[in-house]
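Have a look at the structure below before the remarks.
The values are calculated or read from the model by the stated rules, or taken from the named source; none is laboratory data. Model, not experiment: these values are computed from the prediction. Because the Cβ atoms are built from the backbone with ideal geometry, glycine has one as well, and the counts that use them run over all protein chains shown. We work out accessible area using only protein heavy atoms, side chains counted, and drop any ligands, DNA or RNA first. Shrake-Rupley method; radii C 1.70, N 1.55, O 1.52, S 1.80 Å.
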Amino acid sequence: MWRLLKRLLIGRPLPTWAQESERIGIARALAVLSADALSSVAYATEETLIVLVAAGFTQTTVVLPISLAIIGLLALLALSYRQVIFAYPSGGGAYVVARDNLGTTASLVAAAALLVDYTLTVAVSISSGVDALISAVGTLAPYRVDVALLIVFAVMIINLRGVRESGFVFAVPTYLFIAMLAVTILVDLTHHSPRHVSPVTGFAAVHTMSWLLLFRAFSSGSTALTGVEAISNGVPLFREPQARNAARTLTLMAIILGSLFLGSSYLAVRDGILPRPEQTVLSQLGHEAFGSGFAYYLLQTATILILSLAANTSFNGFPILASILARDGYLPRQLTHRGDRLGYSNGIVILAMLAALLLVAFHARTTKLIPLYAIGVFISFTLSQAGLVKRWLTRREGRWRQALVINGVGAAATLLVLVVFTVGKFFEGAWIVVVVIPLLVLMFMSIKRHYLHVAHQLSLQGYRDPRRIVNKVIVPVSGLTRPTAWALKYAKTLSPDVTAVLVASDDAEEERMREKWAQWGVTVPLVVIRSPYRSVLGPLLEYLDHLQKVGPEEDRSVYTVVTVVIPEFVPERWWHVILHNQFALALKAALLFKPGVLVTSVPYHLSYRHD
């Protein structure tokens, strides 16, 4: 039943040789890896206006120079990540750049920041989509968290079905949003008489602002840049030539993002639009262009879809980055394994679980999640740019001076945004990210130490063990049954030293077992352990400890092992298992961590057919 359900939801397994056919071209990659960045246009201008209005600043024309500055930073980041794509085509983005140029600690900070940002991207985008949905269908308000979790589950299932299928599903909402926002900007530009608004008047207004307010508005608007790094992390998803296709997709995404962001910022200023609790800035732009007609609702539908589905960018970036970290030994090895549909399914499921926990913890409220957002991505931006600066200074290859200026300015700008954003949002919840990232780095280092220790312990280099192994076999019994007889018979094939062990709570139980032992002529010796408190597992473990100590301890050439042969019966139906005690399972779990003790399970399969 489970296999049938899995096939229904995820699809039939794909062979390894089909991996090439699962790679995607530029058109689908733009939808799969750019949804997060493009969806930020829906709220980036509004975030800038909120800071200005909250400070009582009425000269909203300053939004234009701030937007131009953000677009300039976008251009620097796009150029930088194009360099990352060609220099590191295996993916990994900021983590790989920092690892090769800044050292282990910096790379782990970049990785932790990206993993946190990917998780927050899922939570923020889905909660934003739920907000937009509830605005249209108010009756869903009591079910906010349930709807959010349902969307997380749906996006997870789509991604488990493979990159090609997820690209097809998410292409329609992404391109619909791009088309509708472009039409909105064009209609509003051509159908309304413009007021005298230009970047010049905006720059003039800058002089009346405090530097702190300017930086806060700039850093808040810089949320438009979240998701820019996803393409450089996801280079392995592209068809050949992978690096060239990824670079073209990144350039196309930057052009679309910059154009839509500048257009929406210009129109917001020109039309005198300000943030309102009951209506977003983008919604007001839609009303300005279309009134309350069909096109307006189509724009809102596209916005709801892309905000909800922007999480898909993380569902592609997180598993790839996690697999690279796992390959380097900083996360569990299971994250390197591909699932039935050739995706990193373990990473996909873990991301969905983490995002679901965030949504439950913060009640799917975007306002509670936003202060945590964007810090991680700007940490990775800064480290990636700084890593490239180190690369150009060290290798001095190609047009390294030009690249050095681009990455140096970019690193300084992203660091400034990071500091201002962190300080401004620290007591609103940003402190959580500041604490979580170092904890993740410590976890990475702990996992790495574990793998190094295990590798040392498992290595055959310098290994020589001349000791002779003596095997003592015991069979725990609770009664004389067919499974017990079968286990005793098997135990004799392992060693001549076989003992059956009964843990009895009173004399009567011991007497019954000895009578059966004599009645059936069992030749294996029976040892009875008294347990006045009716515990079975504890006395049995104590007996094993005693058994390991008995023997010629002075003889260093002999190593005594104890093999525990566990008889257990297996019901014909899986649900029958819940009708019986799980002592065999508990015993196996307890013995797993005891050195010098080997465990063999001897199953006896039951059937409804009688002998």
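Below are the figures for this structure:
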| item | result |
| --- | --- |
| Pairs of alpha carbons in segment 503-550 whose separation is greater than 13 Å (percent) | 61 |
| Diffusion coefficient, µm² s⁻¹, Stokes-Einstein with Kirkwood Rh over alpha-carbon pairs of segment 264-372 at 10 °C and 1.306 mPa s | 93 |
| Spherically averaged projected area in nm², based on the convex hull that wraps the Cα atoms of segment 341-388 | 5.1 |
| Square roots of five times the Cα gyration tensor eigenvalues for segment 431-563, Å | 42, 24, 14 |
| Once the Cα gyration tensor of segment 372-417 is diagonalised, semi-axes √(5λ) in Å | 23, 9, 6 |
| VAL558 long-range amide H proximity, modeled H, under 5 Å | ARG468 |
| Candidates per chymotrypsin sites (Phe, Trp or Tyr not before Pro) in segment 443-502, loop by DSSP, up to 15 other Cβ within 10 Å | TYR463 |
| Shape metrics for the chain, restricted to C-alpha atoms - Rg then Dmax, Å | 31.9, 107 |
| Computed Rg/Rh of segment 316-367, alpha carbon atoms with Kirkwood Rh | 1.09 |
| Segment 213-339 - Rg (one decimal) and Dmax (whole number), Cα, Å | 19.1, 56 |
| Gain in span if fully extended, ILE255 to LEU150, counting 0.36 nm per residue against the direct Cα distance | 34.5 nm |
| Per residue accessible area of the chain, 1.4 Å probe, in Å² | 48 |
| Descending semi-axes in Å of segment 253-324, equivalent ellipsoid built from Cα gyration tensor | 30, 15, 11 |
| Interchain or long-range residues, amide H under 5 Å from VAL599's placed H | VAL564 |
| Mean Cβ count within 10 Å, highest first, over the residues of peptides 496-503, 589-596, 371-378 | 371-378, 496-503, 589-596 |
| Rounded to 10°, Cα long-axis angle of helix 63-87 versus longest principal axis of the chain | 50 |
| Stokes-Einstein D in µm²/s, Kirkwood radius over Cα pairs - segment 367-504 at 10 °C with 1.306 mPa s viscosity | 73 |
| Accessible carbon and sulfur surface of the chain relative to its total accessible area, %, 1.4 Å | 64 |
| Kirkwood hydrodynamic radius of segment 99-142, from inverse mean 1/r over distinct Cα pairs, in Å | 12.7 |
| Under the Karplus curve 6.51 cos²θ - 1.76 cosθ + 1.60, θ = phi - 60°, whole-Hz ³J(HN,Hα) for segment 596-602, x wherever Gly or Pro sits | x, 10, 9, 10, 10, 9, 10 |
| Stokes-Einstein D in µm²/s, Kirkwood radius over Cα pairs - segment 489-611 at 10 °C with 1.306 mPa s viscosity | 95 |
| Between helix 311-327 and the chain: long-axis angle, C-alpha atoms, 0 to 90°, nearest 10 | 50 |
